[in-house]
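The structure appears right after this line, and notes come after that.
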Amino acid sequence: MKIKRKKFVITIDGPASSGKSTTAKMLAKKLNCIYIDSGSMYRAVALYLKDNSIDLENENALKEVLYEINIEILYKPEKNENAIFLNGKDVSTKIRNSEITNYSSIIAKKKIIRERMVELQRKMAETQSIIMDGRDIGTVVFPDADFKFFLKASIDERAKRRFLEMKDKSASSETESRFSRVWRMDNISLGKIKKDLKWRDRTDSNREISPLKMANDAIEIDTTNLTIEEQTQKILDILKYEITL
Ligand code: CDP
């Protein structure tokens with residue numbers, strides 16, 4: 001499928017675990033373009049700041065660090081997904097643990113960090129068509145995007161999805177030591193996941209800068225009772241008048 005426009009930007013925003021990234025990935029395959037999960041960038045910054053014990057209140061240190069950090073997102077065809085590199089190291093798995101997940105929501109409140117991420121995100125769309133998902137993509141990063149979607153789902157459904165995703169990843173992660181695998185399994189409880197999701201939704205929605213919000217011109221899709229295939233198809237159905245087969 002090809003979108004009639006030469007170059008296009010599609011934004012997908014929504015709360016944690018609403019299916020944004022998986023939908024973006026499937027859409028990108030259908031539309032033959034790249035997808036960027038902007039959350040992975042905030043997660044990579046969170047990992048760097050944590051690993052290097054950078055004080056979030058020290059603006060000068062943050063400023064320096066932000067230009068030391070090199071974030072690259074590369075498509076891995078064998079897995080049909082993106083890998084994220086932080087200063088040359090693949091951190092795709094590391095950025096998904098619950099400590100970094102929650103910390104990413106804290107560091108994402110900082111203006112200086114957001115400004116740098118937005119700059120990088122806009123650069124990615126300069127020369128190519130793109131589908132980007134996140135919290136502020138349709139409102140702040142690409143207010144003039146060609147198509148904007150906002151995905152939502154009930155908290156119970158989102159917690160269930162994150163639980164299954166974590167269990168799945170934990171079981172298939174062969175590169176990690178037995179110790180870390182056991183540690184991760186212990187931490188997977190539906191109750192904790194739900195609590196963390198609620199906390200993150202609150203933190204992301206109530207922050208001063210670029211809070212999680214639906215753009216006025218976005219199309220809202222409730223994915224609670226939809227499979228990933230169904231929600232992707234729903235978006236494709238909406239795009240079909242703009243698409244040539
Ligand atoms: O995958 P999930 O929906 O759980 O989260 P994510 O998209 O990987 O984002 C992780 C965190 O980064 C979010 O909780 C936000 O605090 C932050 N984020 C943001 O502030 N702005 C974005 N455009 C994307 C993520």
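The values are calculated or read from the model by the stated rules, or taken from the named source; none is laboratory data. Predicted model, so just to flag it, every value in this text is computed and none were measured. Glycine gets a Cβ as well: all are built from the backbone with ideal geometry, and neighbour counts include every protein chain shown. These area figures cover heavy atoms from the full protein model, side chains too; ligands, DNA and RNA do not enter into them. Shrake-Rupley method; radii C 1.70, N 1.55, O 1.52, S 1.80 Å.
Points to keep in mind about this one:
- Ligands, DNA and RNA left out, the 1.4 Å accessible surface of region 27-108 is 46% carbon and sulfur atoms.
- Restricting the calculation to alpha carbons of the chain gives Rg and Dmax of 17.6, 52 angstrom.
- M214, M117, reordered so the largest accessible area comes first (probe 1.4 Å): M214, M117
- Heavy-atom accessible surface of R96, to the nearest 10 Å², is about 80 Å², with a 1.4 Å probe and all protein chains retained.
- Carbon and sulfur %, accessible surface of region 126-167 computed with the full protein complex present, 1.4 Å: 52 percent
- Highest mean packing first, where packing is the average number of other Cβ atoms within 10 Å per residue, the peptides 18-24, 78-84, 131-137 line up as 131-137, 18-24, 78-84.
- Spatially near lysine pairs across region 47-167, Cα under 21 Å, sequence gap of 8 or more or different chains: 21
- Here the average projected area of the convex hull drawn through the C-alpha atoms of region 1-108 stands at 8.0 nm².
- The calculated 222 nm mean residue ellipticity attributable to helices in the chain amounts to -15000 deg cm²/dmol, summing -39500 (n - 2.57) over DSSP H runs of n ≥ 4 and dividing by all residues.
- Mean Cα-pair separation over length for the chain, i.e. relative contact order, pairs under 8 Å, 6 or more apart, %: 34 percent
- Computed with a 1.4 Å probe over protein heavy atoms only, the accessible surface of the chain comes to 53 Å² per residue.
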